[in-house]
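The values are calculated or read from the model by the stated rules, or taken from the named source; none is laboratory data. Bear in mind the structure is a predicted one, so any value in this text is a computation, not a measurement. Cβ placement follows ideal geometry from the backbone for every residue including glycine, while neighbour counts extend to all protein chains displayed.
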């Protein structure tokens with residue numbers, strides 16, 4: 001069992017003031033059998049009213065808007081969470097893919113999690129499964145072997161991919177981070193007909209030196225008729241442990257994005273994310289990342305250059 005105090009700060013900055021910022025957040029930690037949320041606090045620039053609801057995946061979602069002009073938006077969540085995952089590999093059951101058929105006919109949500117994405121390089125996914133030799137293996141064994149394949153054959157590299165990188169691109173380069181590896185594992189599991197869902201959260205540092213420690217993290221949950229949803233982390237090739245803190249679940253990253261939104265205005269936007277994790281014994285860990293966003297379109301660049309020229313002319317005339 002682990003108890004963690006987590007502070008997650010998302011900061012948007014704009015080189016020119018923008019207005020009517022509308023945002024959707026999934027920063028509320030999951031309350032489920034293995035995770036208790038002891039405290040939670042949300043702080044947002046200008047203290048807007050946040051409407052909280054539950055989405056189709058069971059996640060708590062907050063929606064808010066900031067209508068006044070601003071050049072910075074800071075969203076800070078503070079939580080105290082107690083996690084009690086099993087510290088061992090899930091029980092080895094003998095459930096197979098065939099055993100899932102009755103389960104899926106009874107549950108639309110399981111069917112929803114069972115359909116692979118349509119991708120160009122599906123043949124690569126099929127080749128990986130052929131190499132793994134899937135015949136006669138249990139669901140748990142297949143998940144473990146697919147995770148091991150990703151861990152051993154893909155390179156963990158920061159800064160190579162973005163939140164917009166596709167599965168096809170990951171299969172081409174075989175490089176990426178936790179989000180990318182989770183998407184590949186999802187495609188493998190769903191191609192087999194195994195329900196699998198994307199999980200966003202945090203992996204709290206421990207002495208094992210796990211990849212992705214201290215920052216936002218992603219992994220996969222697969223469904224077993226006997227044991228239910230089981231978390232597996234292909235970035236580290238482990239089943240989820242007491243240092244995995246869950247925020248949200250969905251079909252992919254888009255369903256679990258901690259913060260997303262839109263605004264009115266012509267400006268260059270920068271995004272930085274700070275995560276701080278504190279332990280009961282006083283230890284403390286911090287991680288800061290500048291997030292790579294989509295490139296600014298040419299027409300917006302032209303408008304920004306014109307605005308900057310006008311500003312410089314105004315300064316010179318003063």
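Got a sec? Which helices (runs of 4 or more DSSP H) wholly within region 110-173 have at least 3 residues that are in contact with a strand residue (DSSP E or B) (Cβ under 9 Å, 6 or more places away or on another chain)?
Qualifying helices (runs of 4 or more DSSP H): 139-153, 167-173.
Restricting to region 95-135, what's the tally of residues that are closer than 16 Å to residue 223 by Cβ and in contact with a helix residue (DSSP H, G or I) (Cβ under 9 Å, 6 or more places away or on another chain)?
Residues meeting the conditions: 14.
Among the residues of region 148-162, how many are touching a helix residue (DSSP H, G or I) at 6+ places or on another chain (Cβ under 6 Å) and touching a residue at least 40 places away in the same chain (Cβ under 8 Å)?
So the answer is 1.
Out of 47, 59, 63, 23, which single residue is under 25 Å from residue 262 (Cα atoms) and loosely packed, with under 12 Cβ neighbours inside 10 Å?
That would be 47, the only listed residue that is under 25 Å from residue 262 (Cα atoms) and loosely packed, with under 12 Cβ neighbours inside 10 Å.
Across region 135-154, which residue is surrounded by the most Cβ atoms within 10 Å (Cβ to Cβ) among those that are more than 23 Å from the chain's Cα centre (by Cα) and over 16 Å from residue 224 (Cβ atoms)?
The selected residue is 136.
Go through region 70-92 and report how many residues are farther than 16 Å from residue 203 by Cα, surrounded by fewer than 16 Cβ atoms within 10 Å (Cβ to Cβ) and at pLDDT below 90.
Total meeting the criteria: 4.
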